[in-house]
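Below is one structure; the comments refer to it alone.
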Amino acid sequence: MQEASYYNKLDEVGRVKCLLCPKECVIVDGKTGTCGVRKNIGGKLISLVYGRPIAIHIDPIEKKPLYHFYPGSKIFSIGTFGCNLSCRFCQNYDISQFDPTEDLETLEEIRYFTPAEVVKMCKHYELEFLAFTYNEPTIFYEYMMDIAKLCKNPEDGHEIKTVVVSNGQINEAPLRNLLPYIDAFNIDLKAFNENFYKRICNGNLETTKNTIKIIVEEKKHIEVTFLLIENFNDNKQEFLEMCKFLKSLDENIVLHISRAFPHYKLYFKPTPYKLMKDFYDIAKLQLKNVYLGNV
């Protein structure tokens, strides 16, 4: 078992406080934080998913989606169980909302891959890109970091470019520690409304905004995805403010407006194309690079 980083021991009864994401869960012995995969075991915070990717695929880089970062490339992609949000419309809820503490047998059946083995697989397929994706990479931070470091300091001189696809719900210190080892990000900006983040996603908008701001300031490649859901986050004035926020950071930020389909706990009709086009037109007045996805 791998001890987690970014936590404090609180008291003699063994409680710990996780400092990885803005939830900063206080966890008693034997329990996990909100993400379900960082567990207090005897007063130590342990990652339950270190070395246990549940999804391994080779994807087009455009699927991340990244359109302005080595287009046409193939990218080795991995993800685990767990997420620090619980979006009611989650597109990958079968892995993001899986609770390994309720099904340890399934977790133990997942083949263990060391960081070196992951990098070796990537090179075996002659790929120059590796993505942390599918679920929320923040919650397997230690595994991601160890893999990314090997990608950037290879023994054979074959450096691999790294990509993080994230909801942006990560505290500033771990984000800044990760940045030197990551080449590109796609960040989900789910709405520009704090109430939506809290009520629908169990998260907060300001953290994701700050994550985007730091990535831009550190001159890392970034693209942003906005999943448009009719009657939930389709306020055009709020969307305009979102686009203005992105423009204030860099008008060249790539924005993907993605069509939503009903999943998990939230029922809605697939986003109408006309609404997608209306939002595209709003975004194009502010940003140079706007794309429609899932259409």
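The values are calculated or read from the model by the stated rules, or taken from the named source; none is laboratory data. Because the structure is a prediction, the values reported are computed rather than measured. Every residue, glycine as well, gets a Cβ built from its backbone with ideal geometry; the counts of neighbours run over all protein chains shown.
Going through the stretch 1-37 one residue at a time, which ones are polar (S, T, N, Q) and without any contact (Cβ under 8 Å) to a residue 40 or more places away in the chain?
Matches in the stretch 1-37: Asn8 only.
Looking at (1) buried (at least 17 other Cβ atoms within 10 Å of the Cβ); (2) in contact with a helix residue (DSSP H, G or I) (Cβ under 6 Å, 6 or more places away or on another chain), find the lone condition where Ser258 falls short.
With (1) buried (at least 17 other Cβ atoms within 10 Å of the Cβ); (2) in contact with a helix residue (DSSP H, G or I) (Cβ under 6 Å, 6 or more places away or on another chain) applied to Ser258, the lone miss is (2).
Only residues that are at pLDDT below 95 and either among the basic types (Lys, Arg) or farther than 17 Å from Asn233 by Cβ (or both): list them for the stretch 248-294, please.
Of everything in the stretch 248-294, those that are at pLDDT below 95 and either among the basic types (Lys, Arg) or farther than 17 Å from Asn233 by Cβ (or both) turn out to be Lys265, Lys269.
Yes or no, residue by residue, for (1) closer than 25 Å to Phe89 by Cα; (2) buried (at least 22 other Cβ atoms within 10 Å of the Cβ); (3) not small (Gly, Ala, Ser):
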{"residue": "Lys152", "(1), (2), (3)": "no, no, yes"}
{"residue": "Asn171", "(1), (2), (3)": "yes, no, yes"}
{"residue": "Leu175", "(1), (2), (3)": "no, yes, yes"}
{"residue": "Glu194", "(1), (2), (3)": "yes, no, yes"}
{"residue": "Thr211", "(1), (2), (3)": "yes, yes, yes"}
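Name the residue that is farthest from the chain's Cα centre (by Cα), counting only residues in the stretch 1-19 that are closer than 25 Å to Arg111 by Cβ and in a loop (DSSP other than H, G, I, E, B).
Step by step, filter the stretch 1-19, then rank; the result is Met1.
Looking at the stretch 191-220 only, could you name the residues that are within 20 Å of Ser86 (Cβ to Cβ), in contact with a helix residue (DSSP H, G or I) (Cβ under 6 Å, 6 or more places away or on another chain) and charged (D, E, K, R)?
Glu194
If Asn204 meets every condition in (1) surrounded by fewer than 19 Cβ atoms within 10 Å (Cβ to Cβ); (2) within 15 Å of Ile78 (Cβ to Cβ); (3) at pLDDT 95 or above apart from one, which number is that one?
(2)
If I go through the stretch 139-150 residue by residue, how many of them are surrounded by 23 or more Cβ atoms within 10 Å (Cβ to Cβ) and out of contact with any Pro (no Cβ under 8 Å at 6 or more places or on another chain)?
Going through the stretch 139-150 one residue at a time, the tally reaches 3.
Any idea which residue in the stretch 68-78 is surrounded by the fewest Cβ atoms within 10 Å (Cβ to Cβ), counting only those that are of a type in the set (Ser, Thr, Tyr) and in contact with a strand residue (DSSP E or B) (Cβ under 6 Å, 6 or more places away or on another chain)?
Among them, the one singled out is Ser73.
For the stretch 100-133, how many residues meet the condition of being modelled with pLDDT under 95 and touching a strand residue (DSSP E or B) at 6+ places or on another chain (Cβ under 8 Å)?
Number of matching residues: 1.
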